[in-house]
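The values are calculated or read from the model by the stated rules, or taken from the named source; none is laboratory data. This structure is a prediction, so every number in the text was calculated from the model and none was measured. Note: ideal-geometry Cβ built from the backbone for every residue, glycine included; neighbour counts use all protein chains shown. These accessible areas exclude ligands, DNA and RNA; they are computed on the full protein's heavy atoms, side chains included. Shrake-Rupley method; radii C 1.70, N 1.55, O 1.52, S 1.80 Å.
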Amino acid sequence: MGQFYIKGGIPLEGELRVQGAKNAVLPILAATILNQGESVIHNVPDLKDVKTMIKILESIGCSIKKEENTLIVNSSAIHTNEIPEYLVREMRSSIILLGAILAKHKQAKFSYPGGCDIGHRPIDLHLKSFRELGAEVMESHGYIYCKSNNLKGTHIQLDYPSVGATENIMLAASLTEGITIIRNAAKEPEIQELQNFLNKMGCKIKGAGSNTIIIEGVKKLNNVEFTIMSDRIVAGTFAVAAAITGGQIVLKDCYIEHISSVISKLIEAGCNVYSIEDKIVINSSKKIKAVETIRTLPYPGFPTDMQAQMMALMTVAKGTSIFTETIFENRYKHVSQLIRMGANINIDGRIAVVKGVNKLFGAKVTATDLRGGAALVLAGLSAEGETIVDNIYHVDRGYENFEENLQSLGASIIRKE
């Protein structure tokens, strides 16, 4: 499963280019099914989840060429609407293929998706929305069957601003007769990125970034070339890495507006943060102060994907911080591992009370999910002595060359298989 060996106490310094966004490229790869032609996608991060998505696309008949961080996807020879179960179970994001396959091939068969075990993430909103578009949806023996000869535009009111459901509706409605309006849509930058990609392909979509998205269905789409945005969660993670080590780093090819909720908390904690065009500068030369409250919310609120990393920082802050996790009920699995390193954290349901300690101490800890694993690495960078992080395949799902990038900033971290 692999391990990271980390020697803490070294302030990070230097510049780092932020990788392409995992949560943008996965739905965009799903969208390549729609044009039955060629899609050239640049700035694709080299991640486990991306590799899984490539395997899925190849399994249904797509041909894919990889040239460094560019993927060339040809979807003209798709021969099946069924995704292999073993691949679906590797990655929850595979559910995003359902809308694209349904739109283009009128039927789809899927097993229930896998991914990180961070809480109950129902796909009811996805299936309800497909039904509202006119699809027949059946669930039987762990499989989902979708069929429709004539999807039609409609008004869809989401009960919750789900990113995945919003993206799946956009994909399904792009080739649907009539106009589809999504209300209470997710507002994440990745939603805007999917809209930009689809429109460049020939779709007619507007409103992404607001709570109302309007999709006017078209009959045919064209070849496309597109560059993926930078990953805001990776940017936030490295910003916290600078803070927890008392360092100073410059993040390149990223935009402060995408992580404004994270940056505001770092400034509240005593960091000096500013931006110059597409660069973010983080300086953490002072003792970190506790942030009173951190409450995860849908974008533009504080992202649940940054909760674990920020908690690692608050374990060594002066004072007490209170975290409220409103998105996923099981997203405190990293807490027991941070406590092994000397953190003072108490949990009551969705509330975590973090009392800062003078220092953390190296220990052997285990990553149980993607962002929790990243948080343990950050804690190890700060801790006295050596930290060993097990099960780092979780981290590889979201961070390209994680240890190499940290090494370039001066960190003492090596990977052992």
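Could you list the square roots of 5 times each eigenvalue of the Cα gyration tensor of the chain, that is, the equivalent ellipsoid semi-axes, sorted largest first and rounded to whole Å? Write down the numbers at each step before the final one.
Values: eigenvalues 288, 89, 81 Å².
Largest first, the chain gives 38, 21, 20 Å.
In Å, the Kirkwood hydrodynamic radius of region 92-241 over pairs of distinct alpha carbons? Write out the running numbers ahead of the final one.
Values: mean 1/r = 0.0628 Å⁻¹.
Evaluated over region 92-241, this radius sits at 15.9 Å.
List the residues, sorted by chain then number, that are 5 or more residues from Ala185 or on another chain and whose placed amide H is less than 5 Å from its amide H.
Thr212, Ile213
For the cross-link pairs Lys51/Lys364; Lys48/Lys279; Lys65/Lys200; Lys109/Lys200; Lys55/Lys109; Lys265/Lys287, which exceed 25 Å when the distance is taken from alpha carbon to alpha carbon?
Values: Lys51/Lys364 29 Å; Lys48/Lys279 27 Å; Lys65/Lys200 21 Å; Lys109/Lys200 28 Å; Lys55/Lys109 17 Å; Lys265/Lys287 14 Å.
In this structure, Lys51/Lys364; Lys48/Lys279; Lys109/Lys200 exceed 25 Å between Cα atoms.
What number, in percent, do you get for the relative contact order of the chain if the mean sequence gap of Cα pairs under 8 Å and at least 6 apart is divided by its residue count?
Values: 1046 pairs, mean separation 87.3, N = 417.
The value is 21 percent.
So how many Å³ per residue does the convex hull of the Cα atoms of region 236-376 work out to? Don't skip to the answer; put the middle values down first.
Numbers: hull volume 13.4 nm³, N = 141.
Once divided by residue count, the hull of region 236-376 is 95 Å³.
Among residues other than Gly246 whose Cβ falls under 15 Å from its Cβ, what is the net charge (Lys/Arg +1, Asp/Glu -1)? Don't jump to the answer; show the numbers that get you there.
Values: positive: Lys286, Lys287, Lys289, Lys318, Lys359; negative: Glu13, Glu384.
Computed value for this residue: +3.
Can you give me the relative contact order of region 49-190 as a percent, contacts being Cα pairs under 8 Å and 6 or more apart?
Working: 244 pairs, mean separation 28.1, N = 142.
Answer for region 49-190 is 20 percent.
Starting with the highest mean, order 397-403, 60-66, 409-415 by the number of other Cβ atoms within 10 Å, averaged over the residues of each peptide.
Working: 397-403: 21.4, 60-66: 15.3, 409-415: 17.6.
Descending packing order for the listed peptides: 397-403, 409-415, 60-66.
Rounded to a whole number, what % of the accessible area of region 299-345 do carbon and sulfur atoms account for, probe 1.4 Å? Working shown, then result.
Details: 740 of 1430 Å².
With neighbouring chains kept in place, the figure for region 299-345 is 52 percent.
For Lys104, Lys128, give me the order by solvent-accessible area with a 1.4 Å probe, most accessible first, ignoring ligands, DNA and RNA. Provide the component values of the computation, followed by the final result.
On the way: Lys104 55, Lys128 85 Å².
Result of the area sort, largest leading: Lys128, Lys104.
Could you work out the pair-distance distribution P(r) of region 38-87 from its alpha-carbon pairs, with 10 angstrom bin width and percents rounded to whole numbers?
26, 54, 20
For region 144-214, what is the Kirkwood hydrodynamic radius in Å, using each pair of distinct C-alpha atoms? List each step's numbers first, then the result.
Details: mean 1/r = 0.0819 Å⁻¹.
With all distinct Cα pairs of region 144-214 included, I get 12.2 Å.
Taking only the Cα atoms of region 219-289, how large is their convex hull per residue, in Å³? Before the final figure, lay out each step's value.
Working: hull volume 6.9 nm³, N = 71.
Enclosed volume per residue, from the Cα hull, is 97 Å³.
Pull out a ≥ b ≥ c, the square roots of the eigenvalues of the alpha-carbon gyration tensor of region 8-132, then state rounded if a/c is under 1.5, prolate if not and a/b is larger than b/c, and oblate in the remaining case.
Working: a/c = 2.28, a/b = 1.37, b/c = 1.67.
It is oblate, given that a/c is not under 1.5 and a/b is not larger than b/c.
For region 296-417, what size does the Cα cloud have along each of its three principal axes, sorted from largest down, in whole Å?
Principal extents (largest minus smallest coordinate, Cα): 35, 31, 22 Å.
Extension gain Glu139-Ile388, at 0.36 nm per residue separation less the Cα-Cα distance, in nm?
85.4 nm
Compute the signed sum of charges (Lys and Arg +1, Asp and Glu -1) over the other residues within less than 15 Å, Cβ to Cβ, of Glu15.
Values: positive: Arg17, Lys252, Lys279; negative: Glu13, Asp253, Glu277, Asp278, Glu404.
Result for the local shell: -2.
In Å², and per residue, what accessible area does region 307-400 have when probed at 1.4 Å with the other protein chains present? Show your work: numbers first, answer last.
Details: 3080 Å² over 94 residues.
Per-residue accessible area for region 307-400 comes out at 33 Å².
Using only the alpha-carbon atoms of region 371-417 as identical scatterers, what base-10 log of I(q)/I(0) does the Debye formula give at q = 0.18, 0.19 Å⁻¹?
Rounded to two decimals, the profile gives -0.50, -0.56.
Which far-off residues, 5 or more places away or on another chain, put their amide H under 5 Å from the one on Thr227, with H placed in the peptide plane?
His42
Over region 196-295, what percent of the accessible surface lies on carbon and sulfur atoms, probe 1.4 Å?
Details: 2000 of 4390 Å².
Of all accessible area on region 196-295, carbon and sulfur atoms account for 46 percent.
Check which residues have an amide H placed less than 5 Å from Arg295's amide H, if you skip close sequence neighbours.
Thr324
So what are the ³J(HN,Hα) numbers for region 123-139, from phi and the Karplus equation (6.51, -1.76, 1.60; θ = phi - 60°), rounded to whole Hz, Gly and Pro as x?
Once rounded to whole Hz, the list reads 9, 4, 4, 4, 5, 4, 5, 4, 4, 5, 7, x, 7, 8, 10, 10, 10.
Can you say what percent of the DSSP beta bridges in the chain, counting only those with both residues inside, are antiparallel? Round to 5. Each step should come with its number before you reach the end.
Numbers: 58 of 82 bridges.
Rounded to the nearest five, the antiparallel share is 70 percent.
Sum up the charges of everything whose Cβ sits under 10 Å from the Cβ of His155, counting Lys and Arg as +1 and Asp and Glu as -1, but leave His155 out. Write out the running numbers ahead of the final one.
On the way: positive: Arg183; negative: Glu132.
Result for the local shell: 0.
What are the ³J(HN,Hα) couplings of region 310-327, residue after residue, when phi is run through the Karplus curve with 6.51, -1.76, 1.60 and θ = phi - 60°? Round to Hz, x for glycine and proline.
5, 5, 4, 5, 5, 5, 10, 8, 7, x, 10, 10, 10, 9, 10, 9, 9, 8
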